[in-house]
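Here's the structure we're looking at; comments come further down.
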Amino acid sequence: MSRFSDCQQRLLIDQNLKYVHWGDEDIIKGLSLFSLSPKGYDVVREQWLIPLPTGRTLQKYLELIPIAPDEPLPLVFQALNRQFIETKFDSLFTQCIMGLDEVAVDDRFCYDRKLDQVFGGIKYAAVYCARGLFNKSWKMPLQFLNNCSI
């Protein structure tokens, strides 16, 4: 049981409990698993019966994160800061470099209600990212620029 969070333990112990207020760590773990495989996430929730936030709960959480072109991603910097503090900066994992990459994006137009702005019409965007120096598979986007090409 110690592998489960407090929220998960409450749901496992009390089968009649219909609702739990998921903590940030539960949401982050759920988003991590969902980003790897939405189908796998559904299998873990529905067939293995491991309590995880619903897809709609994850979506609501993501809607709270301010993401806009040409603006830094503040929650990413907070997560990086927490990760580096936990490893106490003495790990090779914390060694990283800044990179600039160009990514293909969907060029259809879309309207963002929160920002009251229309985006789209471009095929490529530039992305500033941190990349692991000794952990080549680690890459974290920090900011993307809509009207910029490398």
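What follows is calculated from the coordinates using simple rules that are stated; it is not laboratory data. Given the structure is predicted, the values throughout are model-derived calculations rather than measurements. No Cβ is skipped: glycine too gets one built from the backbone with ideal geometry, and neighbour counts run over all protein chains shown.
Miscellaneous remarks
- The chain: angle of helix 24-36 to the longest principal axis, Cα-based, in degrees nearest 10: 70
- A simple count of charges around Tyr128, restricted to other residues whose Cβ falls under 14 Å of its Cβ and scoring Lys, Arg +1 and Asp, Glu -1, yields -2.
- For Lys60, the lysines whose Cα comes closer than 24 Å to its Cα, not counting residues fewer than 8 places off in the same chain, are Lys18, Lys29, Lys39, Lys114.
- The residue list Pro53, Ser2, Ile97 was ranked by how far each Cα lies along the charge dipole of the chain toward its positive end, using unit charges on Cβ atoms, and Ser2 comes out on top.
- Phi-derived couplings, Karplus 6.51 cos²θ - 1.76 cosθ + 1.60 at θ = phi - 60°, listed residue by residue for the stretch 136-145: 5, 7, 8, 8, 10, x, 10, 6, 10, 10 Hz, with x used for Gly and Pro.
- Computed on the chain, with alpha-carbon pairs under 8 angstrom and 6+ residues apart, the relative contact order is 18 percent.
- The radius of gyration of the Cα set in the chain, together with its Dmax, comes out at 18.5, 55 angstrom.
- Rounded to the nearest whole Hz, the Karplus-based 3J(HN,Hα) values (6.51 cos²θ - 1.76 cosθ + 1.60, θ = phi - 60°) of the stretch 101-114 follow the sequence 10, 10, 10, 7, 10, 5, 8, 6, 7, 9, 9, 9, 5, 5, with x at glycine and proline.
- The chain: most fluctuating residue of Leu31, Leu62, Leu17 per GNM, C-alpha cutoff 10 Å: Leu17
- By the helix-only formula, in which each DSSP H run with n ≥ 4 contributes -39500 (n - 2.57) and the sum is divided by residues, the chain has a 222 nm mean residue ellipticity of -9500 deg cm²/dmol.
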